[in-house]
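K.L.:
So that we are looking at the same thing, I have put the structure below in structure tokens.
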Amino acid sequence: MGLLDGLRVLDLTRWRPGPYATQLLAQLGADVLKVEPPGGEPMRAFPSHFELLNRNKRSTVIDLPAGAAGCLELAAGADVFVEGYRPGVADRLGVGYDAVRAANPRIVYCSISGYGASGPLAALPGHDVNYRAYTGTAPPDDGGHEFPVADMAAAMMAAFAITAACHKGRGERIDLGMADVLANWMGTVPVSAAAEAPESRGPVPGYGVYPARDGARVSLGVVSEDRLWTAACRALGLDHHAGLSFAERLRRAGELDRDLAGRIAELPRDTVVARLTEAGAPVAPVLSPAEMRTVDHFRERGVLDGTPVRTVLDPPPPPGRAPDLGGARGWARARPEPPPERA
């Protein structure tokens, strides 16, 4: 079963944001039918990526715009329609909002694009790195692994908006820009926060990423909490700083942060993490993607291959696999009977 059992989702997306959004729905029980062009969507050229983003779905092949009528026929029996084209492309392919709504007035139609369907940037092409650059969230120029935060943030927001619209139950048109999500996030961060303590890694001493002696890094997450500051100081042998108030720490942010960084730089990463953890300070090692997959916590909770949502009454289906190209011709099963009305 699953929380979204019976929800039918027609998925015309490709690459990462749309497929992850619809996979989130599939992981909660939705019946996701992936519409692919002849030969399959481009991500199939990267099998490991495709598998991770398209589990628990089924696949059908439709050549648009020639097959638009068949796609609209499927849309007539769907609850949700998701597309990830640049603005105007879905209309040219015969599956724009007006055409789909004419086939199914109660459908939730979600468009995911780089900059949204309107505005001066709407027609620009782009990928994750471009949206981050425009929104003040560009990755550091260190040549390291980069997480596609714009793609994943947009996917999560799309899944959230889709379920909210389905709850309303009267159809909806959702216009979601990947850059919009990041700009909205940045709008919650005061512009002056980073400038208040220019010599420190973050807005307060003890909040940021610090290099250890072995070249690895640790993150420390002290903000205003006196007990966490005290724990960090004592674990690192900085007892003379342990009793400082939050106001005093803000006033001396640069100096205190340098002292913390100096002590951390004297020790290997794992030693720093062990000492701070034992003391009750908020610390975590900065892991690579490969290292993350070895963390027992995530493996035990099943979040690497399944959904991060844990439920009791309607547990999600077990992890599935990505579909082979084509094979599906319609919806997987009849809609479940609605629950009886409560007395």
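The values are calculated or read from the model by the stated rules, or taken from the named source; none is laboratory data. Computed from a predicted structure; not experimentally measured. Neighbour counts are summed over all protein chains in view; Cβ atoms, including those assigned to glycine, are modelled from backbone coordinates with ideal geometry. With ligands, DNA and RNA removed, areas are computed over all heavy atoms of the protein, side chains included. Shrake-Rupley method; radii C 1.70, N 1.55, O 1.52, S 1.80 Å.
Yes or no, residue by residue, for (1) surrounded by 12 or more Cβ atoms within 10 Å (Cβ to Cβ); (2) under 22 Å from the mean Cα position of the chain (by Cα):
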| site | (1), (2) |
| --- | --- |
| R252 | yes, no |
| G262 | yes, no |
| R293 | no, yes |
| V303 | yes, yes |
| P316 | yes, yes |
| G320 | yes, yes |
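K.L.:
OK, next. Filter the range 201-222 for residues that are open to solvent by 20 Å² or more (accessible area, probe 1.4 Å) and either within 23 Å of L267 (Cα to Cα) or at pLDDT 95 or above (or both) and give the result.
P.N.:
Passing the criteria: R201, Y207, V209, P211, R213, D214, G215, A216, R217, S219, G221.
K.L.:
Find all pairs meeting these conditions: Cβ atoms under 8 angstrom apart; at least six residues apart or on different chains; first residue within the range 111-129 and touching a residue at least 24 places away in the same chain (Cβ under 8 Å) and farther than 18 Å from R16 by Cβ; second residue among the aliphatic types (A, V, I, L, M) and crowded, with 24+ Cβ neighbours inside 10 Å.
P.N.:
From the range 111-129, the pairs are L121/A179.
K.L.:
I want to confirm something. Restricting to the range 6-41 and keeping residues that are outside any strand (DSSP E or B) and of a type in the set (A, V, I, L, M, F, W, C), which single residue is surrounded by the most Cβ atoms within 10 Å (Cβ to Cβ)?
P.N.:
Among them, the one singled out is A21.
K.L.:
Return the only residue of R8, R55, R44 being touching a Phe, Trp or Tyr at 6+ places or on another chain (Cβ under 6 Å), at pLDDT below 95 and within 30 Å of V309 (Cβ to Cβ).
P.N.:
Only one candidate passes the filter, namely R44.
K.L.:
A further question follows. Scan the range 149-167 for residues that are of a type in the set (V, I, T) and under 14 Å from W185 (Cβ atoms) and report the count.
P.N.:
Going through the range 149-167 one residue at a time, the tally reaches 1.
K.L.:
Another one. Checking Y134 against (1) open to solvent by 60 Å² or more (accessible area, probe 1.4 Å); (2) at pLDDT below 90; (3) closer than 30 Å to A26 by Cα; (4) among the hydroxyl-bearing types (S, T, Y): exactly one of these is not met. Which one?
P.N.:
Going through the list (1) open to solvent by 60 Å² or more (accessible area, probe 1.4 Å); (2) at pLDDT below 90; (3) closer than 30 Å to A26 by Cα; (4) among the hydroxyl-bearing types (S, T, Y), Y134 breaks only (3).
K.L.:
Condition (residue is at pLDDT 80 or above and under 14 Å from K57 (Cα atoms)) applied to the range 332-340: is it met by at least one residue?
P.N.:
yes
K.L.:
Something else about it: Can you tell me which residue in the range 223-250 is modelled with the highest pLDDT, limited to those that are of a type in the set (D, E) and open to solvent by 60 Å² or more (accessible area, probe 1.4 Å)?
P.N.:
It comes out as D239.
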